[in-house]
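Below is one structure, written out as structure tokens; comments come after it.
The values are calculated or read from the model by the stated rules, or taken from the named source; none is laboratory data. Note that the coordinates shown come from a computational prediction; the quantities given were computed from them, not determined experimentally. For neighbour counting, all protein chains shown are included, and Cβ atoms are generated from backbone atoms with ideal geometry for every residue, glycine included. What goes into the accessible areas is simple: the full protein's heavy atoms, side chains included, and nothing from ligands, DNA or RNA. Shrake-Rupley method; radii C 1.70, N 1.55, O 1.52, S 1.80 Å.
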Amino acid sequence: MPSNEIKILNAVYMIQNKKLLILGAYRTEIEIVDVARKKGLYTIVTDNHDNWDDAPAKKVADEAWNISWSDIESLKLKCMEEGVGGVMAGFSEKRVICAKKLCSELGLHFYAESSNLDVITDKFLFKKACKEAEVPVPCEYSYGNSIKYPVIVKPADNGGSRGITVCYTEEELHEAYKLAMSFSDSKEVIIEEYIVADETMSYFVVSDGKCYISAMCDRYMYYFGNGITQLPIGYMYPSAHLDSLMSKDNVARFEKLISSLGIKNGLIAFQSFARGNDLIPFDPTYRLDGTMTYHVTEAVNNVNVLSMLIDYSMTGTMSNQVIYENPRFETLAFQLPILLGRGKITKINGLDRIKEMDDVIHIFQCHEVGAEMTKPADFSQIFCRIHMTAPNKDQLKEDILTIYNQISVQDEHGNDMVIRTVIDELLNKLK
């Protein structure tokens, strides 16, 4: 039997009937529960919510603990008592930090065990690492000095687009600075040039120190007005800038950067601006991210990094799925976020019909009836993310129009909450 097949069989044997602890119990963590269960694992989720309506993953896991995922000492004792064999972090940088520490205390595997999380999660330190790897970075300003507008203001150590503002005047800058400061644990704020360019997401899967480009998409953004962060209205795979990423020079730069971050295993994604042949990263994500691109890569290449991360937690290996990573997809793929305006959700129509569409491969629903949207535009306003594939752009446009015609999310007054002003701009980007 070939050695790689023996390795797979050993990994399967090691994870069967073992317990996996998942840090976090929001709706996103249900994704981890589902994949882990398919592997025959006993799933446990933990966070400090006593009300399980606020922690829906607790309702579907095999077991749930009301222990904060940041309470390392309590979790350590509980894991030892219950015979937990692996730990997975949910969709959050802070949970990755806690998972790394907990696994170190327990002597368990975790993909980030060798990584420099202090550098990855701090935008100042990350920018320094980029410079040392000869990866281009945005121009930066100091608060109180002369500034050329527009600029983007963000906390140095917080992810998920929280506390970020685009500023066009000094008055806006003052307010944005205070907001970013409120989201920063270190009380540090970054002010950078606001670059107008195509946005991309590049996904690298790392196994035993070797980097594989998993996927790259163009991130279509929509401008809602001054003071409001642009929001994504679509993600197109493969990116129009894939050749730039895969050029010899850029591959070498990003591999050098990833190595300098101490990353030997796991998934790291870079949000970047594409300016000429340069890719300018502005936000690294060394965790499971909200785009859930593993649904796309599984549909196109039969590769799922979530599955590989679970394997690593239980066995210390990412499995040989990684060798099938190929960002040059043989078909188009797309992720469509459906955005909502203000209001309280009282009725949802159309999702069942959308799920039955031939090109739809997955729908992640972020909100249920009863959820209240309080902001004009914010990442919390994403109602669902729809992953699909299509043979060409014409079919993709037809699918998008069908989805918008089918879906309806009503508020308490019977008004449609779906933001439809984005449709024309989205379809224009697909020309």
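Points worth noting:
- Flagged links, alpha-carbon separation over 22 Å, of LYS19/LYS355; LYS154/LYS431; LYS39/LYS76; LYS38/LYS59; LYS131/LYS248: LYS19/LYS355; LYS154/LYS431; LYS39/LYS76
- Shown are TRP52, TRP69, whose ranking by accessible area with a 1.4 Å probe and every protein chain present, most to least, is TRP52, TRP69.
- Using the alpha carbons alone, the radius of gyration of region 44-198 stands to its Kirkwood radius in an Rg to Rh ratio of 1.08.
- Estimated inter-spin distance, GLU330 and ASN66, nm [label 7 Å along Cα→Cβ]: 5.2 nm
- Debye intensity ratio I(q)/I(0), log10, region 122-161, q values 0.23 Å⁻¹ (C-alpha model): -0.93
- The Stokes-Einstein estimate for region 300-374, based on a Kirkwood radius over Cα pairs and taken at 37 °C with 0.692 mPa s viscosity, is a diffusion coefficient of 206 µm²/s.
- On full extension, the segment bounded by ASP185 and THR402 gains 73.8 nm, given 0.36 nm per residue less the C-alpha separation.
- Simple Cβ-charge dipole of region 197-270, Lys/Arg +1 and Asp/Glu -1, about Cα centre, in debye nearest 20: 240 debye
- For region 255-358, a Kirkwood hydrodynamic radius built from all Cα pairs, placed in the Stokes-Einstein relation at 10 °C and 1.306 mPa s, yields a translational diffusion coefficient of 94 µm²/s.
- 13 Å beta-carbon shell around ARG37, net charge (K/R +1, D/E -1): -1
- Backbone N under 14 Å from the ASN277 label point (7 Å along Cα→Cβ), restricted to region 236-254: 242-253
- Set against the 2.2 N^0.38 Å expectation for a compact globular protein, the chain has a Cα radius of gyration ratio of 0.97.
- Taking Cβ atoms as reference points and 14 Å as the exclusive limit, the residues near VAL303 contribute a net charge of -3, counting Lys and Arg as +1 and Asp and Glu as -1.
- With contacts taken as Cα pairs under 8 Å and at least 6 residues apart, the chain reaches a relative contact order of 14 percent.
- Compared with the direct C-alpha span, the chain from ILE323 to ASN349 gains 5.3 nm at full extension, assuming 0.36 nm per residue.
- Computed extension gain for LYS178 through ASN428, at 0.36 nm per residue and net of the alpha carbon distance, reaches 86.4 nm.
- At a probe radius of 1.4 angstrom, the accessible area of region 55-211 per residue rounds to 45 square angstrom.
- Calculated on alpha-carbon atoms, Rg and Dmax of region 283-431 in Å: 17.2, 53
- Just checking the listed ones, GLU325, GLU193, GLU412: in the Gaussian network model of the chain with Cα springs under 10 Å, the one fluctuating most is GLU412.
- Note on region 163-205: percent of Cα-Cα distances in each 5 Å bin, starting at 0 and stopping at the bin with the largest distance, equals 5, 19, 23, 17, 14, 16, 5, 2, 0.
- For region 136-242, the alpha carbon convex hull comes to 131 Å³ per residue, rounded to a whole number.
- If only the Cβ of Lys and Arg carry +1 and only the Cβ of Asp and Glu carry -1, the dipole of the chain around its Cα centre is close to 540 debye.
- Estimated distance in nm for a label pair at ILE147 and GLN395, the labels positioned 7 Å out from Cα along Cα-to-Cβ: 4.8 nm
- The solvent-accessible area of THR331, taken with every protein chain present and a 1.4 Å probe, is close to 40 Å².
- Directionally averaged projected area (convex hull, Cα atoms, region 46-122), nm²: 5.4 nm²
- Average accessible area per residue (Å²) across region 273-431 - probe 1.4 Å, nucleic acids and ligands excluded: 41 Å²
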